[in-house]
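What follows is one structure encoded as C-alpha cells, with my remarks underneath.
The values are calculated or read from the model by the stated rules, or taken from the named source; none is laboratory data. Note that this is a predicted model, so its numbers are computed, not measured. Cβ atoms come from the backbone with ideal geometry, glycine included; neighbour counts cover every protein chain shown. Surface areas here come from the heavy atoms of the whole protein model, side chains and all, with no ligands, DNA or RNA. Shrake-Rupley method; radii C 1.70, N 1.55, O 1.52, S 1.80 Å.
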Amino acid sequence: MRKIHHLRLVAIIALVCYLLAACGGSNAPVATTTQAAIPPANPPQPVDPATASASTTTTAAATTAAATTAAAGATTTAAATTATAAATEATTAAVADDDIWTPYGRYPETITITTVKGTPANPNFFLEPNSIQDNGMTRYVLDKINVQIELAWEVASENRGFANRLALQIAANDLPDMFTLGQNDYILYRQLVENNMLADLSQGYEFCVNDHVRNTLASYEGRNLAPFWQDGKLLAFAGGRYGYEHNQLWYRRDWLDRYDLEAPSSIEDMEHILRVWKDDPPTEDYVGFILHHEIVGGVYQSESASPLFASFGSFPNAWVKGSDGQTVWGSVAPETKDGLEVLARWYAEGLLDRQFMTRTAGGTRMAMVVAGQTGMYFNPWWSAPTDFPAQYPDGEEELLPVNAPLDQDGNFTIMFPGAAGDFIMIRNGYPHPEAMFKIVNLEFDMWRGFDMEAYDMLQEGLGTGTNWGYLFPTGGMNVEPQNVVPNTGIYYRYFVETGEQHPDAMPSVQRGCVNVGIFLDNGKKGVTGWGGYYQRYIASSPEMMLADNVKIKLPEYYYVTESMAEIKPTLDTLESTTFLQIITGELPLSAFDDFVEQWYTLGGQTITDEVRSLVGY
C-alpha cells in the first residue's frame, strides 16, 4: 500500500505541474461539455475512459485542466504534455497494482454497503430461515469479497412506491449507498446528477467488471451506457434491454387442419380464417380474435395488435422517425389510421371478440386460449400458456406462432426497446463504488451457474419462482446479450437435432433442453418440457427470429422529458379512449384526424418539440 500512496502523490504533483504549465495559474473560465438534460435514444457516445487512447483512466482534475486549456486557447507545452502523461501513468499504475481493483478483489476488512428494495407484488419469498438480507446470495458476496449487504428500507413497488420513496430520500439528502432505478425514473436520475449526488463509476467499470458481464453488454455497442456518461464520468451502470420481445401471431394448428386451412401470412389470410371460424365455430363458446383491452396497438404491449399496425408501417406508443424525417409519436402517425380501420372492420363483422374491452383481469385472455374460446391472437415468444398441455393431455391440440401479417414488401418489422435497462447508482461519497461491479459479477456467476456449487446453495433457499430482481442486491439490472432470445432458440434447436448440449449453453438452458428431450420422448405429451419446446425451440427459433424478412426498428427516443409527467397521462387516456371508440364503432374512422389535432393541442406538440430538440430531428 505504501507504493500506491507514493504513486498517488506523484499523480497529484504531476497534475499541479500541468495546471501551472497549461494555464499559468490563471482563473480562466472552464469549458465543459454538458450533456443534454434528457438524452436521445442514441446520443453521441462521449469519450469512454475504458477505451480512450491516451489513458485508461483520467482523473477529474486532469479533465478540468484540459478543458481550461481549451477555453483559454492556450498551446499545450511539452512540459504540460509530459506532466499529463506522468499523472495518467501514475494513477493507472496505482490502481493496477492494488488487488482490490480486480473483478473479484477481496477487501482485507469487511465493508458494508446499504441498499434498498422495491417489493414486487409476487416476490415469492425465500424459504426459512433465509431472508432478503440473509440468503445464499448475500452470504456468497460476503464470503467472496468481504462485502456485507444491509437493507436500509423496503417499500412496495406498486404505484411507483419505490420511486416516490427515493424521491423523498433525495430531497432529504439521505441516500443509500447503492440503489437501482428504471427507464421511467430517468428524471430522478437527472436530479441526482444536477445535485452532484452520484459517484463516478468509470474507474470501477474499467478494472472491476468481469469478462462475462463486459462481453455480454458489449452486444449493445455502448448504447446502454451512453445516457450515463457525463463529462468523462460514468454515473450509472445500466444493463441492457434485449430485443426480440415483440408480438408474434399465435394460432391453433389443429383448428387450421380441421378446416383444411394454411397458416396465415397476410391480413387477408387472417380475415379469411377468422370468417371461417365465425361461420362454423370450432367450439361452442368461441369468441373470435382476442385483443388487449386498453392498449390495442402498442409496440411494447403483449396481446396488442402491434404486428398488424407494423404491416402498415405504424408503431404506436413509440417515438419513431416519420415520413418527413422528423421524430413523431407513432400513435399519431397517419399509418396508424390504417390499422384502426382493419380492427374496426373486424369488430363490426364479429371477427374480433365483442367483449375484449371488458376483459381487464390479468391472465383472462390466456385463460380463454386454454379454454378454447379463441384460436388466434398476438403475443411474444414467452407467452405460450404452460397450462395448455394439462387441458389437452393427448397432445393433438397445438399452438404455433408465425411471423404475420407481413407488409407489402413481404417483411415482418419488429420494434426493439431502448438499449438501456435498469441502472445502478452509488451515492457520492461512498468510499468503495467499485464494490458494486464485483457484486454484479458474483450475482450472475451464481444465478447463471458459472459457480455450480454456489448455484445449488442458492436454489436450496429460494421459494418457487422467486423474483430475481427482488433477490439480487443490485435489483433488476439485467446482464443479457441483445440477441439472447434467438441465441437460446439456437441452443434448443441444437439439442433437439443432435441430442447434445450446445457448448455455449448455460446450465439453466441445459436443464431446459433436458426437459424438452423428455417431452419429445413422451410423444409431445405431458407438461414437462412443453414450455421449453414451444417457447424456445419453436417461437425463439432462428427461423422465427432471424429470418431474412425480419426487419428490426429502433426507437428514436425512449426516456421521458420534463413535461411528460404532467402532460402524458392525459394524452395516453385520450389515445386509448379514441382508439377503442373507433374500433367499436362508437366513433367513425375520421375521428382519428380529430384525435391527432387534439393530441397536439393538449400538450403533444410540447413533448414532441422537447424530444426533437434532444434527438436533433
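For the residues Phe162, Phe125, a 1.4 Å probe over the protein chains yields an accessible-area ranking, largest first, of Phe125, Phe162. At a 1.4 Å probe radius, carbon and sulfur cover how many percent of the accessible area of segment 106-255? Reported share for carbon and sulfur atoms: 43 percent.
Checking the a/c ratio against 1.5 first, then a/b against b/c, what shape does the Cα gyration tensor give for segment 373-446? Write out the running numbers ahead of the final one.
Working: a/c = 4.37, a/b = 1.94, b/c = 2.26.
Cα axes put segment 373-446 in the oblate bin.
Entry note: segment 106-221 has Rg to Rh equal to 0.98, where both radii use alpha-carbon atoms and Rh is the Kirkwood radius.
Counting only Cα atoms, the size of segment 565-608 along its three principal axes is 31, 16, 11 Å, in decreasing order. Note on Leu168: accessible area is roughly 120 Å² with a 1.4 Å probe, heavy atoms of protein only.
Of interest is the spacing of the C-alpha centroids, which for segment 567-590 and segment 327-390 amounts to 17 Å. When the P(r) is computed for segment 466-617, the part past 18 Å accounts for 73% of the Cα-Cα pairs.
The protection proxy used here, the mean number of other Cβ atoms lying within 10 Å of each residue, ranks peptides 380-392, 250-262 as follows, highest first: 380-392, 250-262.
On the accessible surface of segment 299-399, probed at 1.4 Å, how many percent belong to carbon and sulfur atoms? Walk me through the numbers on the way to the answer.
Numbers: 1720 of 3510 Å².
Here it works out to 49 percent.
Ranking Phe437, Pro401, Asn411 by how far each Cα lies toward the positive end of the dipole of segment 388-449 (charges on Cβ) leaves Phe437 at the top. For the pair Asn515 and Gln133 in one chain, pulling the backbone fully straight at 0.36 nm per residue adds 134.2 nm over the alpha carbon distance.
Determine one quarter of the surface area of the Cα convex hull of segment 242-286, which equals its mean projected area, and express it in nm² to one decimal. Can you show the working numbers first?
Working: hull surface 16.4 nm².
For segment 242-286, averaging the hull's shadow over all directions gives 4.1 nm².
Residues of segment 305-331 with an amide N closer than 20 Å to a point placed 7 Å from the Cα of Glu586 along the Cα-to-Cβ direction: 305. Pairwise inverse Cα distances across segment 431-553, averaged and inverted, put the Kirkwood hydrodynamic radius at 16.3 Å. For segment 181-228, the solvent-accessible area with a 1.4 angstrom probe is 35 square angstrom per residue. Straight Cα distances below 15 angstrom link Lys553 to the aspartates and glutamates Glu245, Asp407, with same-chain residues fewer than 8 positions distant left out.
Could you give the accessible area per residue of segment 496-597, probe 1.4 Å, as a whole number in Å²?
Numbers: 4890 Å² over 102 residues.
Value for segment 496-597: 48 Å² per residue.
Remark: the Glu460-Glu349 segment gains 34.5 nm on full extension, using 0.36 nm per residue and subtracting the alpha carbon distance. For the residues Tyr220, Tyr300, Tyr205, Tyr242, a 1.4 Å probe over the protein chains yields an accessible-area ranking, largest first, of Tyr300, Tyr242, Tyr205, Tyr220. When the trypsin sites (Lys or Arg not before Pro) in segment 293-373 are filtered for DSSP coil states and for at most 13 other beta-carbon atoms within 10 Å of their beta-carbon, the remaining sites are Arg354. Treating each Cα of segment 112-178 as an identical point scatterer and ignoring solvent, apply the Debye formula and state log10 I(q)/I(0) at q = 0.14 Å⁻¹. Per q value, in the given order, log10 I(q)/I(0) is -0.50.
Only protein heavy atoms count here; under a 1.4 Å probe, Met457 has an accessible surface of about 80 Å². The modelled label-to-label distance for the pair Asp387/His212, using points 7 Å beyond Cα in the direction of Cβ, is 3.4 nm.
Shown for segment 413-463: the carbon plus sulfur share of the solvent-accessible area, taken with all protein chains present and a 1.4 angstrom probe, equals 46%.
Label positions at Ala361 and Met452, each projected 7 Å from the Cα along the C-beta direction, are separated by 4.4 nm.
Does segment 261-336 classify as rounded, prolate or oblate by the C-alpha gyration tensor (a ≥ b ≥ c root eigenvalues; a/c under 1.5 gives rounded; else a/b over b/c gives prolate, otherwise oblate)?
Details: a/c = 3.84, a/b = 2.15, b/c = 1.79.
Judged from the Cα gyration tensor, segment 261-336 comes out prolate (a/c at least 1.5, a/b above b/c).
Residues Lys568, Lys233, sorted by accessible area with the largest first, give Lys233, Lys568 [1.4 Å probe; ligands and nucleic acids excluded].
Straight-line cross-link reach from Lys438 at under 29 Å between alpha-carbon atoms covers these lysines, not counting any fewer than eight positions away in the same chain: Lys3, Lys117, Lys144, Lys233. The residues of segment 103-165 expose, per residue, 53 Å² of accessible area to a 1.4 Å probe.
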